[in-house]
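The block underneath contains the structure these notes are about, expressed in structure tokens.
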Amino acid sequence: MSVYSDMMVEALRREGVACEAEAKISSFAQASPLLMRCRFDFFIPSKKIFLEINGAQHFRLSKANPPMDFKSRVERDMRKRRWAWANGFKVIDVNMYHYREARGKCLEAAAYIKATPEEKMPDWKRF
């Protein structure tokens, strides 16, 4: 797990929210061969939420993230979201732009998950 994932686990524990790390799509329902090996960073069973911690490679081109890799990553992320929605799950993305704001974003997302009833949770929320 990454430093960001560790921060998220700490924030969820602080809020008393149970989670499972590295949730494989194949563990939940049938999926296309393109998705069978994919996973979400976390699953929160009490609210049927998949939680993704996204580093810059998910939303920004760079020398280390060439256009073809970026395009395929964005397409895969969208396929994962569509699969989750089609199977009755919600998705929360926590986008990490800078390390200095990461802890605050994790705490904000964890507090939101704890406080928001499942029926009021949007299909997709981004922090």
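The values are calculated or read from the model by the stated rules, or taken from the named source; none is laboratory data. Model, not experiment: these values are computed from the prediction. We place every Cβ from the backbone using ideal geometry, glycine too, and count neighbours over all the protein chains shown.
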- Conditions: (1) at pLDDT 80 or above; (2) outside any loop (DSSP other than H, G, I, E, B). Asp69 meets all but one. Number of the miss? (1)
- Kindly establish whether Phe89 is farther than 20 Å from Asp6 by Cα and touching a residue at least 40 places away in the same chain (Cβ under 8 Å). yes
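Can you work out which of the residues in the range 72-127 that are among the hydroxyl-bearing types (Ser, Thr, Tyr) and in a loop (DSSP other than H, G, I, E, B) is nearest to Leu34 (Cα to Cα)? Write out each step before concluding.
Restricting attention to the range 72-127, the residues satisfying the condition of being among the hydroxyl-bearing types (Ser, Thr, Tyr) are 72, 97, 99, 112, 116.
If we keep only those that are in a loop (DSSP other than H, G, I, E, B) too, we end up with 97, 116.
Working: Tyr97: 28, Thr116: 32 Å.
Going through the qualifying residues, I end up with Tyr97.
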